[in-house]
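Right, one structure below, let's go through it.
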Amino acid sequence: MIIRRFSAHHRKENCQAVQNSSQPSPHNVYLSVQNKRSSAITILSILCLLLLVTTIIFGLIALQNGLQLRQIRNGESGYDREKLAFMMQVFSQFGIYDMPPSDALTDALLAAFISQTGDKHAAYFDREDFALWQSDLSGDFSGIGVVVAESLDGVGLELLDVFPGSPAEQAGLRVGDILVRVDDLTYQTDAYAEFVNAIAGEKDTTVNFAYLRDGAEQTCTVTRGKIVNRSVLWRIVDEAPGNIGYLRITGFDEHTYGQFKTAMESLEAEGVTGIVFDLRNNGGGLLDTVCRMLAYLLPDGDIVSVHYGAEVMTDYTVRCEDSKLYLEDKTEIFEDGKHELTVPAVVLVNGYTASAAELFTAALRDYAADGLISATVVGETTYGKGTVQTTYPFGDGTGFKLTIAHYDPPCGQNYDGVGIIPAPEHTVLPDEGQEDTNLYRLTYETDAPLRAA
């Protein structure tokens, strides 16, 4: 069972896309701020787990060089194997508590190891979290296809989005319905996670709901299916003067580019005279995906430069030229013919716009500064993450991610730890009382940054 999660550094919109895991290919390179599971590690666990580090991290160290590996094996890199072995022997012989299971020790060891590296974007994933992480990156999961948040009166979970063609839509559920019972489980505020877990499940299994619509209780049965995450939403802003398109991007997974292209074609077919790209609360995602989207929008030129920390890895620049995207050692034709952004655009951001979303923002800003497109950044200073992570699996359903590179936007100025700062005249804060309101619940009238954009 999987619930889409957001980092403590990335404001949780108090909404969850209910889903179940899938296992796409590992080694995805991504620009993202994501959740790290905090581990409650007892003194016993810390001391005992360190004994296992010499064997558990062999696979990780092998990625570096043979000298480091030999140092670890021989206990020459600060790991006092004799001291740890003695302590484990004492605990085993004289301690009054049972030793923790080996899997729990391993999970806690690796989490503790990463916590001491100084890499705030690194994380160890146990089996459940690794499945969640891979599902997040792929955009594929099994479930009913909804985004939920606790209702304003706390009586259930309100449907904030129902994916088109999803099992939920086919069963007649609509945005605004409030789920109050799942099978035999009635919603309670203090059992939020349990209720969400009950909604999720494997493909082709059924779940029974009781829900409120206009105050009346109704019921339905939904058969869970394979779901593609909806990471792009778009519409014409009828409330605004002029024919303005609105395109919200919630993340950058493997399906985002296709949804983005469809949205752009739809808005352009409507003859929009401007577009607002809403990247608020977007924590990032896959580097490949955001580069394809930028190549679709921008004239020929550089998109991003990646600078590795390890000498064995070669720095590279992602570039678009003649309808081809040059991405590391890959070249692909991303679009038949030529396409560029021809109408004025605004990129709407806040303090939880991070990583790949910041690259998207910076690239449009930089090309606009060179007079090649018309684009303006509106909102608040962004999160400030100019680094790249990659994922490594252990082969047993667990894995880890670590930071391997810095990246620079087209202007060459890295914003890691600084963020992208809108011009003073374009800095816009939410209306009073709306600071923590879920974006799905904001209207044009209650969304000051959107009105300004």
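The values are calculated or read from the model by the stated rules, or taken from the named source; none is laboratory data. Not measured: the values here are computed from a predicted model. Neighbour counts are summed over all protein chains in view; Cβ atoms, including those assigned to glycine, are modelled from backbone coordinates with ideal geometry. Accessible surface areas use protein heavy atoms only, side chains included; no ligands, DNA or RNA. Shrake-Rupley method; radii C 1.70, N 1.55, O 1.52, S 1.80 Å.
Rounded, prolate or oblate: which one fits the range 87-191, using the alpha carbon gyration tensor with axes a ≥ b ≥ c (rounded when a/c is under 1.5, else prolate when a/b beats b/c, else oblate)? Walk me through the numbers on the way to the answer.
Details: a/c = 3.10, a/b = 2.10, b/c = 1.48.
The shape class here is prolate.
Sticking with the crude label model, points 7 Å out along Cα→Cβ, report the distance from GLN413 to ASP431 in nm, one decimal please.
In this crude label model, GLN413 to ASP431 measures out at 3.4 nm.
When only Cα pairs under 8 Å and 6 or more residues apart are kept, what is the percent relative contact order across the range 208-280? Show your work: numbers first, answer last.
Details: 94 pairs, mean separation 20.7, N = 73.
Here the relative contact order equals 28 percent.
Loop only per DSSP, at most 10 neighbouring Cβ atoms within 10 Å: give me the GluC sites (Glu not before Pro) in the range 390-436, ordered by residue number.
Details: sites: GLU425, GLU432, GLU435; in loops: GLU432, GLU435.
Within the range 390-436, the qualifying GluC sites (Glu not before Pro) (loop, at most 10 other Cβ atoms within 10 Å) are GLU432, GLU435.
Just by accessible area at a 1.4 angstrom probe, what is the order of ILE249, ILE114 from largest to smallest? Intermediate results must be reported in sequence, preceding the final value.
Numbers: ILE249 0, ILE114 25 Å².
Final ranking, largest accessible area leading: ILE114, ILE249.
In nm, what is the difference between 0.36 nm times the number of residues separating ASN243 and LEU372 and their Cα-Cα distance? Numbers along the way, then the final one.
On the way: separation 129, 0.36 × 129 = 46.44 nm, distance 2.25 nm.
Stretched out fully, the ASN243 to LEU372 stretch lengthens by 44.2 nm.
Want the number for HIS406 to THR443: 0.36 nm per residue separation, take away the alpha-carbon distance, what's left? Could the numbers behind the result be given before it?
Values: separation 37, 0.36 × 37 = 13.32 nm, distance 3.71 nm.
Between HIS406 and THR443, full extension yields 9.6 nm more.
Leaving out ligands and nucleic acids, note down the accessible area per residue over the range 282-366 with a 1.4 angstrom probe, in whole Å².
37 Å²
At R0 = 30 Å, how high is the FRET efficiency between SER102 and ARG81 if r is their beta carbon distance? Nearest 0.05 is fine. Display every interim value, and only then the final one.
Numbers: r = 18 Å, r/R0 = 0.59.
Computed FRET efficiency for SER102 and ARG81: 0.95.
Output the peptides 98-111, 144-157 sorted from most to least packed, where packing is the average of other Cβ atoms within 10 Å over each peptide's residues.
Highest mean packing first, the order is 144-157, 98-111.
Roughly speaking, to the nearest percent, how much of the range 325-453's 1.4 Å accessible area is carbon and sulfur? Each step should come with its number before you reach the end.
Values: 2690 of 5530 Å².
Solvent-exposed carbon and sulfur of the range 325-453 make up 49 percent of the total.
At 1.4 Å probe radius, can you tell me the per residue accessible area of the range 406-453 in Å²? Walk me through the numbers before you get to the answer.
Working: 2680 Å² over 48 residues.
It amounts to 56 Å² per residue over the range 406-453.
Suppose all protein chains stay in the model; what accessible area per residue would a 1.4 Å probe give for the range 128-218, in Å²? Don't skip to the end; give the middle numbers.
Details: 3680 Å² over 91 residues.
Heavy-atom accessible area per residue stands at 40 Å².
Of LEU297, LEU325, ASN281, which is farthest towards the positive pole of the range 250-350's charge dipole, taken about the Cα centre with +1 and -1 on the beta-carbons of Lys, Arg and Asp, Glu respectively?
So the residue furthest toward the plus end is ASN281.
Using a probe of 1.4 angstrom, how much of the accessible area of the range 144-267 is carbon and sulfur, in percent?
47 percent
For the range 312-453, calculate the relative contact order in percent as a whole number, restricting contacts to Cα pairs under 8 Å that are 6 or more residues apart. It would help to have the intermediate numbers written out before the result.
Working: 211 pairs, mean separation 27.9, N = 142.
Here the relative contact order equals 20 percent.
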